[in-house]
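Beneath this line is the structure, given in structure tokens, with notes to follow.
The values are calculated or read from the model by the stated rules, or taken from the named source; none is laboratory data. Predicted model, so just to flag it, every value in this text is computed and none were measured. Here Cβ is always computed from backbone atoms with ideal geometry, including for glycine, and neighbour counts include all displayed protein chains. In case anyone asks, the SASA skips ligands and DNA or RNA and just uses the protein heavy atoms, side chains included. Shrake-Rupley method; radii C 1.70, N 1.55, O 1.52, S 1.80 Å.
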Amino acid sequence: MSIVAVQDFIRDLLQGLPMPGGVNAMRVYLNPPDPNDESELPTCYVWPSSAEESRDPRHGSSIPRNTGPGTASGNKAVLHEMDLFLVWFQASDDPDADNLFPGMVDAVMSALRYCKMPQTIVDPYTGYKSDLVDLGENQATEIVVSSTASQAYLRYDSRVRLRLLELIFA
């Protein structure tokens, strides 16, 4: 299992994603910068919330278990839950302010939905390979808007919750 490789894949998939309305392209981070920085750059932070590894055949797992590295084995499924935190600041008097951010959320969810599957990923620390098999199949989002201290800008936040499967050979 490679939480890091899953994070990296999602970051690389969304990095530079075009945004609606001529807004700057998305910037994606694993470790977020200062959340109080007001920026007109749409930003996304990718963070794992949980992972569950099992041999449940409903998720594509199979038996037998391997007897050591490099030996024949079945598949194990890892059900990941990743959170994408989207943040954007917009002038409160912009006539498009109310619909640009939901369009940005749509763009992110669409990029995940239409990503070619399966994708082979490689753990940067161990070199082990695994396959992502259903990125974008299970997504949910929440959107919140609030005023900044000056009330000249609105801060838009969304959390996109992803559930995805990684198949490992173990």
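Count of the stretch 140-170 residues, restricted to those that are surrounded by fewer than 19 Cβ atoms within 10 Å (Cβ to Cβ), out of contact with any Pro (no Cβ under 7 Å at 6 or more places or on another chain) and either at pLDDT 95 or above or within 17 Å of TYR45 (Cα to Cα) (or both), is 9. Counting the residues of the stretch 112-125 that are in a loop (DSSP other than H, G, I, E, B) and open to solvent by less than 80 Å² (accessible area, probe 1.4 Å) gives 4.
Residue by residue, here is whether (1) open to solvent by 50 Å² or more (accessible area, probe 1.4 Å); (2) closer than 27 Å to SER2 by Cα; (3) assigned to a strand (DSSP E or B); (4) of a type in the set (D, E, K, R) holds:
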site	(1), (2), (3), (4)
PRO18	yes, no, no, no
GLY21	yes, no, no, no
CYS44	no, yes, yes, no
TRP47	yes, yes, yes, no
GLU52	yes, yes, yes, yes
ARG58	yes, yes, no, yes
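Of the listed requirements (1) open to solvent by 30 Å² or more (accessible area, probe 1.4 Å); (2) of a type in the set (A, V, I, L, M, F, W, C); (3) modelled with pLDDT under 95; (4) not in a loop (DSSP other than H, G, I, E, B), PHE9 misses just one: (3). Taking the stated definitions as given, is GLN90 over 12 Å from the mean Cα position of the chain (by Cα), under 30 Å from ASP34 (Cβ atoms) and not in a strand (DSSP E or B)? No, not satisfied.
Taking the criterion of being out of contact with any helix residue (DSSP H, G or I) (no Cβ under 7 Å at 6 or more places or on another chain), farther than 10 Å from ALA152 by Cα and surrounded by 14 or more Cβ atoms within 10 Å (Cβ to Cβ), the residues of the stretch 90-101 that qualify are ALA97, PHE101. Annotation note: Cβ proximity below 8 Å between a residue of the stretch 32-56 that is farther than 10 Å from PHE89 by Cα and at pLDDT 75 or above and a residue that is of a type outside the set (A, V, I, L, M, F, W, C) and in a loop (DSSP other than H, G, I, E, B) (sequence gap 6+ or interchain) occurs for TYR45/ASN31; TYR45/PRO32; SER54/SER61; ARG55/SER61; ARG55/SER62; ARG55/ARG65; ARG55/GLY74.
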